[in-house]
Amino acid sequence: MSSIKCKKINKSFGDIQVLNDIDLDINMGEFIVFVGPSGCGKTTLLRLISGLEDISSGDLFIGDTRVNDVSPKHRDIAMVFQNYAIYPHMSVAENISFGMKVRGNSKAERKAAVDEVAAILGLEHLLDRKPKQLSGGQRQRVAMGRAIVRRPSVFLMDEPLSNLDAKLRNQMRVEIKNLQRRLQTTTIYVTHDQVEAMTLADKIAIMKDGEILQFGTPDELYSRPTNKFVASFLGTPQMNFLKAEPAAKGKLLLENGCTLKIPPAYKSAVENLDNIEIGIRPESLRIGKQAKSSTVNWQSTVDLCEALGSETIVHFETAEQAFQGKISRGADISEGDMINVGFDAADVYLFCGSTGECVGHALNG
Ligand code: ATP
């Protein structure tokens, strides 16, 4: 396993700049996820690290070695892609050991390596099968096996699960996490799925328009987002937002007519803002009877109830903003009902309406 360091990395394709001043420090053995909307540069950054794409400027280190000019095959990395290339005419065992055969390893060495990898991935009973006799998940495991057998210092995975159905994705996600824990190989995993990012990563890099907006543990990013994009990207349903403006007596007037007292710690931050938005996560909204004792509360009409089994998502509007809250299973709320909604200042995030920067949260504090 190796550490990876990106220093002021830029990448352009002709006139189009797709990565801007990427700085990133990845420790040995960490599981890192690059996540962000389509076109933000995740795959390009992964390809730069793999060596499949040249860096326009900046420095890339794997371990202590600057690898800008080192070819992919000498970087000691293994890649797993969305379209995993396994050879249809070869058995599972032959697919896993193909690279070793090319490199001239003996039959005995190949068999020992295949047996070890098959045991790790639960493929022992499938070694003689051809890919067409396997399920999607089993094929994906063979592709992982080909990567693992090399015992690389770094795994790079680009949306490796996106061809699988939802149930299999969940299952493979757990397998990949367990595998990485066991092998302790530094891993970078690209996805646009925030649930995958939250559940797999030791640390997440959230990307937008060729930049890393925030890099940290899933919990840091969820509970202390530095900007509105990160706050709204992580979390299902996403954070609710309301515009606000400073009002008399140190209060904020929210666009739905409610007021919120600004704590002294945030007064100067608010005074400097032209426009303000507050954010509140769905699970922090109180809905029903308990809403009345909240710092801020009002009434709305329920537009839709989405029963998810263990909980129900309640959709409603306030000041023409779509809001979503969560209620527990069995709560007596239906579409068309007038409900009390409320939240506490401690659960509010405060954003600059122009830049999206988060200027405060836990407003009781
Ligand atoms: P997705 O989630 O859709 O795969 P991504 O975040 O991985 O997106 P990239 O594939 O890294 O995004 O692409 C980043 C930007 O670079 C996009 O605007 C893309 O059009 C552009 N791009 C990627 N490869 C090339 C290329 N070879 N030539 C020109 N532009 C490219």
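The values are calculated or read from the model by the stated rules, or taken from the named source; none is laboratory data. Please read these numbers as outputs of a predicted model, since none were measured by experiment. Accessible surface areas use protein heavy atoms only, side chains included; no ligands, DNA or RNA. Shrake-Rupley method; radii C 1.70, N 1.55, O 1.52, S 1.80 Å.
Solvent-accessible surface (1.4 Å probe) assigned to Asp209 amounts to roughly 110 Å². The order of Ser294, Ser38, Ser310, Ser57 by accessible area, most exposed first and with a 1.4 Å probe, is Ser38, Ser310, Ser57, Ser294. Rounded to the nearest 500, the 222 nm mean residue ellipticity of the chain from helices alone is -7500 deg cm²/dmol, with -39,500 (n - 2.57) taken per DSSP H run of at least 4 residues. In the stretch 243-365, the convex hull through the Cα atoms has an average projected area of 7.6 nm², a quarter of its surface area.
For the chain, averaging the sequence separation of C-alpha pairs within contact (under 8 Å, six or more residues apart) and dividing by the residue count gives a relative contact order of 15 percent. Of the DSSP H helices in the chain, those with a Cα length along their own long axis of 15 Å or more and a mean Kyte-Doolittle hydropathy reaching 0.5 comprise 92-102. Accessible surface computed residue by residue for the chain, with neighbouring protein chains in place and a 1.4 Å probe, gives 48 Å² per residue.
Carbon-plus-sulfur accessible fraction, the stretch 239-293 (probe radius 1.4 Å, protein heavy atoms only): 48%. Put Arg129, Arg181 in order of accessible area, highest first, and with a 1.4 Å probe you get Arg181, Arg129. Within a straight-line Cα-Cα reach of under 27 Å, Lys11 can be paired with the following lysines, leaving aside sequence neighbours fewer than 8 residues apart in one chain: Lys42, Lys73, Lys203, Lys208, Lys228. Note on Ile212: accessible area is roughly 40 Å² with a 1.4 Å probe, heavy atoms of protein only. Measuring nothing but protein heavy atoms, the accessible surface of the stretch 68-173 at 1.4 Å probe radius is 50 percent carbon and sulfur. Volume of the convex hull of the stretch 54-176 (Cα atoms only), normalised per residue: 134 Å³.
With all pairs of different C-alpha atoms in the average, the Kirkwood value for the hydrodynamic radius of the stretch 175-259 is 15.3 Å. Using a cutoff of 8 angstrom between alpha carbon atoms and counting only pairs six or more residues apart, the relative contact order for the stretch 67-147 works out to 44 percent. The listed residues Ser50, Ser354 rank as Ser354, Ser50 when sorted by accessible area, largest first, using a 1.4 Å probe. Estimated at the nearest 10 Å², the accessible area of Ser293 is 90 Å² with a 1.4 Å probe.
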